[in-house]
Structures are given as structure tokens and as C-alpha cells.
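Everything below concerns the one structure shown next.
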Amino acid sequence: MTIFSRFPAVKRIAILSGMTAIAAMCASAHAQETPDTTGWFSKTFTQTKNRLDNIVDNGDMEVYLSGYAYHGRRTYTEEKIRDLNEKAWGLGGGRTIRNADGNDESLYLFAIRDSHWRPQIMAGYAYEWIWNVPKTPVEVGAGYTAMLMSRQDYFGGAPFPIALPVVSLGVKGAKLMGSYVPRLSQNKGNGDVWLVFARFEVK
């Protein structure tokens, strides 16, 4: 706890919220109840393992391409924005499965160039609720991702957990995606960011 207490309050909140979200992901919110006598941890672990194995074994292979990170003009100063990289080029891969409820579950590994031109590596799970646009193949999605992220400007590059919202627009095999990083400080040098990327199915 001594090391953890050295982090600023905002970073401690971010870490704890990420841990909470990952724990929630592992819970049985989307899993079917099984009337057995095993303990909560054992049942949750088994359900989570089965869910992730199903994505790996039966999910569609996909490629992730990143290209833009929009920094909030109301939360960053103009001087700061001029010093930041918004061409967040990156590449990744993963698998996505359309589950029995008609929603998408994904596992992915994704690396981009962050706001300071340094590598940002993300690996995690995403869940999206999917809605079809009537009489078209177009789909709209919204959900969350729980991941481990590595950045050189946080914790010396050590991976840390974080949960973020995600949205999508497109057809089943090709989507424009977005994820929002909220402002974690009132400091004008630290604002909110929209990451825009694309996800394509590979046959």
C-alpha cells in the first residue's frame, strides 16, 4: 500500500476504477446462471474462462487500424494542443464473436502512437450492445472495454488496468470505432481525448 499511496489521488481513482471494471467484466453479468454448489470465485473463474475461450476458438479474426486522437479543445490549452500528437497511427489484431443475445464480445491487442509520439499498448476485452438500422445492414454499437494499458508517461510504462466506453458504426465485418478518455484533472494541461480507429474482419 506504501507504493500505491505515492500516486496522486486522480491516478489512484483511475487504477481502482479500472480494477473494478475488470472485476465486473469477470463477473457473471452476461453469463447464464448455473445451479451448482461451487463457490462464487470458482464459478466466476470458470464462466469467464469459458467465455474467453469461446471468443478465441469461435470468434472472427480482425485487424485494428488507428489514425486519429482528438484532444478536447475546451479542456486543453491551444499551446498544449500544438505540442500534442493527434495522428495516433497504430495497428492491432483480435477476435470478435456475435453472442446469443446478438451483441459483440471481443479480445484484442492494439498498439498506437500516443499523444507524445511514444508507444501505447493495449490488451483487453470489449462488450458492445448492437442495434440494427432498420432495412439496412448498418449497425450501431455501444458498450465498454476493460483493458491493461502501457504508456511511458504513466507508472514508468508498467501496465495498469482501465475501463473506457466504446461506440461503433458500420456493418458486421467493418466498423468505425471510437473510445473516450474523460478528463481526469482540472489542470488545463490534462483534458479529454477521443480515439478514432477502424476494425475490419479478416477472412
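The values are calculated or read from the model by the stated rules, or taken from the named source; none is laboratory data. Bear in mind the structure is a predicted one, so any value in this text is a computation, not a measurement. Heads up, the Cβs are rebuilt from the backbone with ideal geometry, glycines too, and the neighbour counts pull from every protein chain shown. We work out accessible area using only protein heavy atoms, side chains counted, and drop any ligands, DNA or RNA first. Shrake-Rupley method; radii C 1.70, N 1.55, O 1.52, S 1.80 Å.
May I ask you to list the residues in segment 46-96 that are charged (D, E, K, R) and without any contact (Cβ under 8 Å) to a residue 40 or more places away in the chain? Before the answer, list the steps.
Here is the first cut: in segment 46-96, the ones charged (D, E, K, R) are 49, 51, 53, 57, 60, 62, 73-74, 78-80, 82-83, 86-87, 95.
Of everything in segment 46-96, those that are charged (D, E, K, R) and without any contact (Cβ under 8 Å) to a residue 40 or more places away in the chain turn out to be Lys49, Asp53, Asp57, Arg73, Glu78, Glu79, Arg82, Asp83, Glu86, Lys87.
Can you list the strands (runs of 3 or more DSSP E) lying wholly within segment 110-203 that have 2 or more residues being over 29 Å from Arg73 (Cβ atoms) and open to solvent by 30 Å² or more (accessible area, probe 1.4 Å)?
By residue number, 119-132, 193-201.
Out of everything in segment 24-53 that is among the polar types (S, T, N, Q) and modelled with pLDDT under 85, what residue ends up being least open to solvent (accessible area, probe 1.4 Å)?
Checked segment 24-53; the qualifying residue least open to solvent (accessible area, probe 1.4 Å) is Ser28.
Name the residue, out of Ala88, Ala100, that is open to solvent by 60 Å² or more (accessible area, probe 1.4 Å), of a type in the set (A, V, I, L, M, F, W, C) and not in a strand (DSSP E or B). Working first, answer last.
Values: Ala88 fails: open to solvent by 60 Å² or more (accessible area, probe 1.4 Å).
Just a single option satisfies the conditions, and that option is Ala100.
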